[in-house]
1. When the chain is fully extended, how far beyond the present Cα-Cα distance does VAL91 get from LEU145, taking 0.36 nm per residue of separation?
2. How far apart, in nanometres, would the label points at LEU292 and ILE226 be if each is projected 7 angstrom from Cα along the Cα-to-Cβ direction?
3. For the chain, just say rounded, prolate or oblate: build the C-alpha gyration tensor, square-root its eigenvalues into a ≥ b ≥ c, call rounded for a/c under 1.5, and beyond that prolate if a/b exceeds b/c, oblate if not.
4. Sorted from fewest to most neighbouring beta carbons within 10 Å, what does the list ASP59, ASP250 look like?
5. Expressed in nm to one decimal, what extension gain is obtained for the pair SER8 and VAL56 from 0.36 nm per residue of sequence separation less their Cα-Cα distance?
6. How large is the charge dipole for the chain, taken about the Cα centre, if only the Cβ atoms of Lys, Arg (+1) and Asp, Glu (-1) carry charge, to the nearest 20 debye?
7. Run the dipole for region 169-302 about the Cα centre, Lys and Arg Cβ at +1, Asp and Glu Cβ at -1, nothing else charged, and hand back the magnitude in debye, nearest 20.
8. Comparing ILE50, ILE283, ILE126, which has the greatest mean-square fluctuation in the GNM of the chain with Cα pairs linked when under 10 Å apart?
Amino acid sequence: MARTRIRSARFVETRAALLFISPWLAGFLIFTAWPIVNSAYLSLTDYDVINDPDFVGLDNYRQLFADPKVGLALWNTFVYTALSVPAHIVVALGLALLLNTAARATGFFRTAYFLPKMTPPVAVGILLLMLFNGQNGLINGALGLLGIDGPAWTTDPDWVKPGLVLMHLWTVGSSVIILLAALRGVPQELHDAALVDGAGWWRRTLRITVPLISPTLFFLFIVNTINALQSFTEAYTAFFGAGNTTYSNDAALFYVIYLFQQAFEFLHMGYASALAWLLFIVIMLITAVQILVTRRYVHYEGGQP
């Protein structure tokens, strides 16, 4: 009798749980799971949206490995990621440390740092062209006041990606808030004990603060890497939007931009699906390597990795 009641209670709880998450399940199946499965099929076809898909097997995958634009787009994306992610983490951590020491107006600065994150990415792309214009941009104007001849950020291929990286730092606010929450969780008594032992601020930060917030840093490292590998809107708006022929395009040809061109400009949906699956595999491999390499440097409470 008792077992019957327990099973009945569990059934009621399970049914209630499924009922509550059913909207999410429906959305996941319709808008995520089905497109993933369908794109896997389309990657094996020649499909232009207008005509029915024509099964071609692995031809799309053979084509992408022979396509020089794929290699260029991957290289640009990897370089941008290698520059962007460390800069993002370092700047966000520095701002979070400053906020953590602020006694007053912390709420104001926290909001001020986060507000740029609310800026639409398209507006950020347009703002990039205004700030980093080689002739009359605000950045080069400020450098000129210091006697520095600023580079051609938007036309010199060597400076296109650094300019995009600097512009990406505009949106570090969300990472700052996350790191600030992690810093608030570091026990103050550990700092007090280290201070009594004569440890300075820099040593306390490296030996106490960074290890204790390493799970948060690891999370941001993974998430920002994935986001950087999928960069699209800002670079597309600045260098490819509205028939732009003024600025250097090849240096800003990120992988997702090339995927978008193949899908929606040339209507090579099958080829674009193969490109999407290649990107998925690349992201999975890079994430797995990051987890394996960095897990020894991440210290969780209780000492378990």
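Coordinate-derived values only; no laboratory data. These numbers come from a predicted model, not from an experiment. Virtual Cβ from ideal backbone geometry, glycine too; neighbours counted across all protein chains shown.
1. Details: separation 54, 0.36 × 54 = 19.44 nm, distance 2.45 nm.
Once the chain is fully extended between VAL91 and LEU145, it gains 17.0 nm.
2. Placing both labels 7 Å beyond Cα along the Cβ direction yields 1.9 nm.
3. Numbers: a/c = 2.06, a/b = 1.06, b/c = 1.95.
Cα axes put the chain in the oblate bin.
4. Values: ASP59 15, ASP250 12.
Starting with the residue having the fewest Cβ neighbours, the order is ASP250, ASP59.
5. Details: separation 48, 0.36 × 48 = 17.28 nm, distance 5.20 nm.
Extra length available between SER8 and VAL56 comes to 12.1 nm.
6. Numbers: 17 positive and 17 negative charges, 337 e Å.
I would put it at about 1620 debye.
7. Working: 6 positive and 7 negative charges, 67 e Å.
So the dipole magnitude of region 169-302 works out to roughly 320 debye.
8. ILE50
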